[in-house]
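The values are calculated or read from the model by the stated rules, or taken from the named source; none is laboratory data. This structure is a prediction, so every number in the text was calculated from the model and none was measured. Glycine gets a Cβ as well: all are built from the backbone with ideal geometry, and neighbour counts include every protein chain shown.
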Amino acid sequence: MDESKSVWGLLLAAGRGTRFGGPKHDVEMDGIPIWRQSERALLDGGVDHLIVVGDFDGAVPGGDRRRDSVASGLAAISNHVGFVLVHDAARPLVTADLVRSVIDRLLVGDVAGVVPAVPVRDTLKRVSGDIVVETVDRSELVAVQTPQGFDLEMLRSAHAQVATDATDDASMVEAIGGVIAIVDGDPANLKVTYPEDLAVAEALRSGRHG
């Protein structure tokens, strides 16, 4: 395979899981750790090689911040690889179809990155303290998910140039002028942040396979 056309994946399973009450990588759904659920979808969706970043045996060690864990994973990727997908292991309901959609758009080659996005359903308010300042027009707003796909060289450049922290890699690539495209996300592709999120994820998974 031409490595310049290959797509590697970084599966982020590091972090202390403070809001969850502890590390999440060993939390199970249907008897399978949630990071394994994501691993299966990424590989079935077309990722050629997967690197798991986490603080457990067999994984590349993570860092204190999300961006540190991504940087650790990026350092483990061959310089000849063309593209990389970054996915949060705490999104165990990601589907192979969604992964494939991100990859297909990324391989067109006309943008620096691709993110899955869903419409914002709730009315949004800008506030100051407990006072509403204005209602935000949501027609041009979306909520983004992972996996997020990037030109590998562009993502490495973003991590090298952007000093501030960021909640996702796309915002770092945007900060250095990279163009980001969107594909349709999946409303069920939720992130397990709090313990109650796991119950919701399990219900959604049960309904999907029921």
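Tabulated results
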| item | result |
| --- | --- |
| Leading residue by the ranking (surrounded by the most Cβ atoms within 10 Å (Cβ to Cβ)) among those in region 54-110 that are small (Gly, Ala, Ser) and more than 19 Å from residue 13 (Cβ to Cβ) | 101 |
| Criterion (under 30 Å from residue 199 (Cβ atoms) and out of contact with any strand residue (DSSP E or B) (no Cβ under 8 Å at 6 or more places or on another chain)) met by exactly one of 62, 45 | 45 |
| Elements of type helices (runs of 4 or more DSSP H) contained in region 1-114, each with 1 or more residues being in contact with a His (Cβ under 7 Å, 6 or more places away or on another chain) and over 25 Å from residue 188 (Cβ atoms) | 66-74 |
| Positions within region 134-170 being under 22 Å from residue 118 (Cβ atoms) and surrounded by fewer than 18 Cβ atoms within 10 Å (Cβ to Cβ), in sequence order | 135, 136, 137, 138, 139, 140, 141, 142, 143, 144, 167 |
| Residue 41 vs. criteria surrounded by fewer than 17 Cβ atoms within 10 Å (Cβ to Cβ), among the small types (Gly, Ala, Ser) and modelled with pLDDT of 95 or more | no |
| Flag for residue 46 being surrounded by 12 or more Cβ atoms within 10 Å (Cβ to Cβ), on the phi > 0 side of the Ramachandran plot and without any contact (Cβ under 8 Å) to a residue 60 or more places away in the chain | yes |
| Selection from region 35-91 of residues that are hydroxyl-bearing (Ser, Thr, Tyr) and in contact with a Pro (Cβ under 7 Å, 6 or more places away or on another chain) | 38, 72 |
| Given (1) more than 24 Å from residue 90 (Cβ to Cβ); (2) in contact with a strand residue (DSSP E or B) (Cβ under 9 Å, 6 or more places away or on another chain), number of the condition residue 191 does not satisfy | (1) |
